[in-house]
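Please read the structure below before turning to the comments.
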Amino acid sequence: MTILAIVLGFAMAYSIGANDVANSMATAVGAKAITPRQAVLISGILEFLGATFFGAHVTKTIAKGIVNLDMISNPDYIMKGAMAALMASAVWIIFSTLWGMPVSTTHSIVGGMMGFGIVAAGWESVDWMKMGVIALTWVISPLIGGLLAYSVFKTISYFVLHRKDPLSAARVWVPIFLGITFYIVALLLSIKTFKLEHSFSQITAIVVGVLVFAITKLFMRKMPSEDPYEAVEGIFRKAQIVTSCYVSFSHGANDVANAVGPIALIYVIVGTGSVSRLVEVPRVLLFLGGLGIAAGVATLGYRVMKTVGEGITELNNTRGFSIDFATATTVFLASSLGIPVSTTHTVVGAVTGVGMARGIEVVDANILKNIAIAWFVTVPFAAVVSALIFKFLVLF
Amino acid sequence: MEKFIRRLFPKESPLELLVKLSEIGERAVSQLRLAVEDYFNGRDISSHGKVVDGLERDADKLKFEIRNIYKRIKWGYFDKSELDALVSSIEMIVDVADDILKLLQMNQVSFCPKDVSEGILNIAVEVERAVRELRMSAEELWKVVESGFSPSEYEKEEEMVSEVECEESSVDALGIKVGKKIFSLKEDLNPVDVMFLGRITTMLSQISDLAENAAERIRDMAS
């Protein structure tokens, strides 16, 4: 059972790496900040690191936060339920990929867990309050991503692009943005992953942020001066390399749970006979999930990223930076709170935000409609399929 | 799934297509100027006609493409109706250039005084300049967009639009001068030729009017 679950989970992680990562890295490749080959390298490493060091929070939510496992007395049911959730999620992803619907692996796995929970221990076994919060964040995360992207682009416009000397303004503002990025990552990493004291984490994060600010500032001085807007785009192109790392790290932190969450349950039950020992997600599983994502990126990711990136011709780096920064920050904050959100949907929110700020032209409102439909369809579908698979598995 | 994010962005940039359309307008009007030159030198202008005919087809295709992309755009740089009107104005420049060329091929004036032919050629040169400046102001829209609609880039755009307006005024003045001259020769020239040359002069001025309208739309769009 454990081996089958690990194989299934690894396959899930692999498909996330092969397919889903391209959506989160598309803007960086499309804006020519990085080549598809560099995207593969960056994603491979950063997705792995994000998953390993930061994936535990969301994984715990998927594993223990949706269904009240104490209400299921038979550990065998929980293992089969976790397996059913994983299988239902995989079925739905395959189905929707063929259908061309932008569904989220996150939503699928949440639906899958809910479905088996309802069949195994009734409606009351689902933590509806938690489900409500999760469902709410699916609406809120694209909105926050959009609002943040709108604000970042407007800030760049006002403080950089509208200045008499945009290049000098970019030299001031890019280090600030990168300093903030590293401050956020360092703070959350310190508090959430290394469990360090809050005040110490704050000081450490400030030091990291200031250091990054100073190093970037030094680096910016060496930038050649050409056509002002091209030069500004050149600076943001380099900055976008950092934000694309940020996106990959956040994506790994959030999405590894979709593959690892159910396996964590099976792994702990097989090892200890009970789920109550699942206080911390075993690092080895996060490591495996990260490895699966990295393997997916390394093998099939290149082709997918090339296809996606080449299709985006109009995106430049100030816009790409705004989208990446907003997406990564939203997803990363959600991950640190243990809330599973969809990176793809947050990217769509961020792109829309920049579009509303007249930074880019956004087509096809149908995509936004499709997302709304996917929200309503994915969870019930995955839940029903998971319930059916669970019913079938308990027969044996 | 992998194409999902890509579908958010237009396959081709409407702004890039708009610049291409303005380049077609410029090429059509340059061809027209050459045709006017050849016409008054008694040379065959059918080859110019063919070129402009081809350009008209290209402009039509681009107009369709721009409209097609823009009707699917949810959040764009510009107001849809403004862009539509701009595209129509630029396309009409090519249409009018084509009409003038057709008209020139229909009738060869039996005699045209040098000052009249030179006057008409001067108008064609001024019109060509106005349309070139229109193309440059369309290109400047790129900068306006790239700068996130910066006030300083808007000022540059305004200056370029003013240039087109100045050209239009000088074409108008020149048109009236040449027109007066043509109609003053009604006793000496064939009446059909008088009406014909008058019509050519008016149609050339019409192109600069269209260029001015298009440039003013660009100014509105850049704000």
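The values are calculated or read from the model by the stated rules, or taken from the named source; none is laboratory data. Just so it is clear, the structure is predicted and the values come from calculations on it, not from any experiment. As a convention, Cβ positions derive from the backbone with ideal geometry for all residues, glycine included, and neighbour counts pool all protein chains shown. With ligands, DNA and RNA removed, areas are computed over all heavy atoms of the protein, side chains included. Shrake-Rupley method; radii C 1.70, N 1.55, O 1.52, S 1.80 Å.
Assigned to a loop (DSSP other than H, G, I, E, B) and more than 14 Å from chain B (Cβ to nearest Cβ): which single residue out of A:Ala85, A:Ala33, A:Ala51, A:Ala11 fits that description?
A:Ala33
Scan region A:331-340 for residues that are open to solvent by 10 Å² or more (accessible area, probe 1.4 Å) and either among the β-branched types (Val, Ile, Thr) or touching a strand residue (DSSP E or B) at 6+ places or on another chain (Cβ under 7 Å) (or both) and jot them down. Step through it out loud before you land on a result.
Going through region A:331-340, the residues open to solvent by 10 Å² or more (accessible area, probe 1.4 Å) turn out to be A:333-334, A:337, A:339.
Across region A:331-340, the qualifying residue is only A:Ile339.
Yes or no: region B:81-96 includes at least one residue that is within 14 Å of chain A (Cβ to nearest Cβ), under 22 Å from B:Glu216 (Cβ atoms) and open to solvent by 40 Å² or more (accessible area, probe 1.4 Å).
Taking region B:81-96 first, the residues within 14 Å of chain A (Cβ to nearest Cβ) are B:82-83.
If we keep only those that are under 22 Å from B:Glu216 (Cβ atoms) too, we end up with B:82-83.
Narrowing the set further to residues that are open to solvent by 40 Å² or more (accessible area, probe 1.4 Å) leaves B:82.
So far as region B:81-96 goes, yes, one or more of its residues are within 14 Å of chain A (Cβ to nearest Cβ), under 22 Å from B:Glu216 (Cβ atoms) and open to solvent by 40 Å² or more (accessible area, probe 1.4 Å).
Please determine, by comparing only the residues of region A:160-182 that are open to solvent by 50 Å² or more (accessible area, probe 1.4 Å) and under 29 Å from A:Ser201 (Cβ atoms), which one is nearest to the other protein chains (Cβ to nearest Cβ).
Going through the qualifying residues, I end up with A:Trp173.
Filter region A:116-150 for residues that are without any contact (Cβ under 8 Å) to a residue 40 or more places away in the chain and either closer than 30 Å to A:Thr181 by Cβ or in contact with a helix residue (DSSP H, G or I) (Cβ under 7 Å, 6 or more places away or on another chain) (or both); which is most open to solvent (accessible area, probe 1.4 Å)?
Filtering first and then ranking leaves A:Leu136.
Does region B:191-214 contain any residue that is assigned to a helix (DSSP H, G or I), of a type in the set (Gly, Ala, Ser) and free of Cβ contacts under 8 Å to residues at least 12 places away in the same chain?
No, every residue in region B:191-214 fails to be assigned to a helix (DSSP H, G or I), of a type in the set (Gly, Ala, Ser) and free of Cβ contacts under 8 Å to residues at least 12 places away in the same chain.
Only residues in region A:230-255 that are under 10 Å from A:Ala33 (Cβ atoms) count as the first member; pair them with residues that are hydroxyl-bearing (Ser, Thr, Tyr) and surrounded by 24 or more Cβ atoms within 10 Å (Cβ to Cβ), Cβ under 6 angstrom, at least 6 apart or cross-chain, and list the lot.
Listed by first residue and then by second, the contacts come to A:Phe236/A:Thr318.
Does at least one position in region A:64-78 carry a residue that is touching a strand residue (DSSP E or B) at 6+ places or on another chain (Cβ under 9 Å) and part of a helix (DSSP H, G or I)? Lay out the reasoning, then the answer.
In the first step, residues of region A:64-78 are kept if they are touching a strand residue (DSSP E or B) at 6+ places or on another chain (Cβ under 9 Å); the result is A:66-68, A:78.
From what's left, part of a helix (DSSP H, G or I): A:78.
So far as region A:64-78 goes, yes, one or more of its residues are touching a strand residue (DSSP E or B) at 6+ places or on another chain (Cβ under 9 Å) and part of a helix (DSSP H, G or I).
If a residue has to be more than 27 Å from A:His57 (Cα to Cα), acidic (Asp, Glu) and either crowded, with 18+ Cβ neighbours inside 10 Å or in contact with an Asp or Glu (Cβ under 8 Å, 6 or more places away or on another chain) (or both) to count, how many in region A:283-324 make the cut?
If we filter region A:283-324 for residues that are more than 27 Å from A:His57 (Cα to Cα), which is where we start, we get A:299-300, A:302-320.
If we keep only those that are acidic (Asp, Glu) as well, we get A:310, A:314.
Adding the requirement that they be either crowded, with 18+ Cβ neighbours inside 10 Å or in contact with an Asp or Glu (Cβ under 8 Å, 6 or more places away or on another chain) (or both) leaves A:314.
Residues flagged as more than 27 Å from A:His57 (Cα to Cα), acidic (Asp, Glu) and either crowded, with 18+ Cβ neighbours inside 10 Å or in contact with an Asp or Glu (Cβ under 8 Å, 6 or more places away or on another chain) (or both) within region A:283-324 amount to 1.
Give me a count of the residues in region B:141-166 that are touching a residue at least 40 places away in the same chain (Cβ under 8 Å) and open to solvent by 20 Å² or more (accessible area, probe 1.4 Å).
6
Exactly one of (1) surrounded by fewer than 22 Cβ atoms within 10 Å (Cβ to Cβ); (2) out of contact with any strand residue (DSSP E or B) (no Cβ under 7 Å at 6 or more places or on another chain) is unmet by A:Leu86. Its number?
(1)
On the basis of being under 28 Å from A:Lys306 (Cβ atoms) and surrounded by fewer than 22 Cβ atoms within 10 Å (Cβ to Cβ), does A:Ala39 make the cut?
The answer is no for A:Ala39.
Given the conditions (1) more than 26 Å from B:Asn190 (Cβ to Cβ); (2) among the basic types (Lys, Arg); (3) not in a helix (DSSP H, G or I), report the number of the one that B:Arg67 does not fulfil.
With respect to (1) more than 26 Å from B:Asn190 (Cβ to Cβ); (2) among the basic types (Lys, Arg); (3) not in a helix (DSSP H, G or I), B:Arg67 is out only on (3).
Could you list all residues from region A:76-106 that are in contact with a Phe, Trp or Tyr (Cβ under 7 Å, 6 or more places away or on another chain) and modelled with pLDDT of 85 or more?
Of everything in region A:76-106, those that are in contact with a Phe, Trp or Tyr (Cβ under 7 Å, 6 or more places away or on another chain) and modelled with pLDDT of 85 or more turn out to be A:Lys80, A:Gly81, A:Ala84, A:Ala85.
Would it be correct to say that A:Thr327 is more than 9 Å from every other protein chain (Cβ to nearest Cβ), modelled with pLDDT of 90 or more and open to solvent by less than 10 Å² (accessible area, probe 1.4 Å)? Working first, answer last.
Details: more than 9 Å from every other protein chain (Cβ to nearest Cβ): yes; modelled with pLDDT of 90 or more: yes; open to solvent by less than 10 Å² (accessible area, probe 1.4 Å): yes.
Yes: the conditions hold for A:Thr327.
Give the residue, chosen from B:Val125, B:Val109, B:Val131, that is surrounded by fewer than 23 Cβ atoms within 10 Å (Cβ to Cβ), at pLDDT 95 or above and among the hydrophobic types (A, V, I, L, M, F, W, C).
Working: B:Val109 fails: at pLDDT 95 or above; B:Val131 fails: surrounded by fewer than 23 Cβ atoms within 10 Å (Cβ to Cβ).
Selected residue: B:Val125, the only one of B:Val125, B:Val109, B:Val131 that is surrounded by fewer than 23 Cβ atoms within 10 Å (Cβ to Cβ), at pLDDT 95 or above and among the hydrophobic types (A, V, I, L, M, F, W, C).
Against the condition farther than 23 Å from B:Ala173 by Cα and within 12 Å of the chain's Cα centre (by Cα), how does B:Ser88 come out, does it pass?
yes
Would it be correct to say that A:Ala170 is touching a residue at least 24 places away in the same chain (Cβ under 8 Å) and under 30 Å from A:Ala387 (Cβ atoms)? Before you say what the answer is, go through the steps one by one.
Working: touching a residue at least 24 places away in the same chain (Cβ under 8 Å): yes; under 30 Å from A:Ala387 (Cβ atoms): no.
No, not satisfied.
Out of (1) more than 24 Å from B:Gly179 (Cβ to Cβ); (2) away from every other protein chain (no Cβ under 14 Å), what's the single condition that is false for B:Ala124?
(1)
Among the residues of region B:56-80, write down those that are more than 10 Å from chain A (Cβ to nearest Cβ) and free of Cβ contacts under 8 Å to residues at least 40 places away in the same chain.
Residues satisfying the conditions are B:Arg57, B:Asp58, B:Ala59, B:Asp60, B:Lys61, B:Phe64, B:Arg67, B:Asn68, B:Lys80.
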